[in-house]
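Below: the structure, in structure tokens.
The values are calculated or read from the model by the stated rules, or taken from the named source; none is laboratory data. Values in this document were obtained by computation on a predicted structure and should not be read as measured data. In this analysis, Cβ positions are derived from the backbone assuming ideal geometry, glycine residues included, and neighbour counts consider all displayed protein chains. For the accessible areas, the whole protein counts, side chains as well, though only heavy atoms, and no ligand, DNA or RNA atoms are used. Shrake-Rupley method; radii C 1.70, N 1.55, O 1.52, S 1.80 Å.
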Amino acid sequence: MSGRRSRQYSNGASSRRTITDDEIIELVSKLQQLLPQTRNTSNTTPASNKQASANKVLQETCNYIKKLQKEMDDLSVRLCQLLSTVDADSAEAAVIRALI
């Protein structure tokens, strides 16, 4: 019966759409598939742990995004350092600037 419950949400405009628990479970499952550390364990969670699992997936997603942002910042710093060591008008400099 949990699939029959629904929630309304607004997408920022005046329109509203109802989303069911089943749709949320499906979206969380898709999100879980994108996380490298949870890909292998995705369809093994019992139904009784779905809410806890959803919370865990969302937390892991936030942590993963933060990790990716840090990696991107670190790479940007490295590219800037590399750019300072090459001729500003060279082809290598143009490639590095495109990456930054």
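Only residues that are under 11 Å from residue 100 (Cβ atoms) and either of a type in the set (D, E, K, R) or in contact (Cβ under 8 Å) with a residue 12 or more places away in the chain (or both): list them for segment 60-74, please. I'd like the intermediate steps shown before the answer.
First, the residues of segment 60-74 that are under 11 Å from residue 100 (Cβ atoms): 72.
The answer is none; no residue qualifies.
Does residue 86 qualify as being at pLDDT 90 or above, β-branched (Val, Ile, Thr) and open to solvent by less than 50 Å² (accessible area, probe 1.4 Å)? Against the criterion (at pLDDT 90 or above, β-branched (Val, Ile, Thr) and open to solvent by less than 50 Å² (accessible area, probe 1.4 Å)), residue 86 does not qualify.
Would you call residue 98 modelled with pLDDT under 90 and under 21 Å from the mean Cα position of the chain (by Cα)? It would help to see each step written out before you state the result.
On the way: modelled with pLDDT under 90: yes; under 21 Å from the mean Cα position of the chain (by Cα): no.
For residue 98, the condition - modelled with pLDDT under 90 and under 21 Å from the mean Cα position of the chain (by Cα) - is not met.
I'd like to verify a number: residues in segment 1-28 that are of a type in the set (S, T, N, Q), surrounded by 12 or more Cβ atoms within 10 Å (Cβ to Cβ) and at pLDDT 60 or above, how many? Please lay out each step first, then the result.
Pass one, segment 1-28, residues of a type in the set (S, T, N, Q): 2, 6, 8, 10-11, 14-15, 18, 20.
Next, only the ones that are surrounded by 12 or more Cβ atoms within 10 Å (Cβ to Cβ) stay: 2, 6, 20.
Within this subset, residues satisfying the condition of being at pLDDT 60 or above are 6, 20.
Number satisfying all stated conditions: 2.
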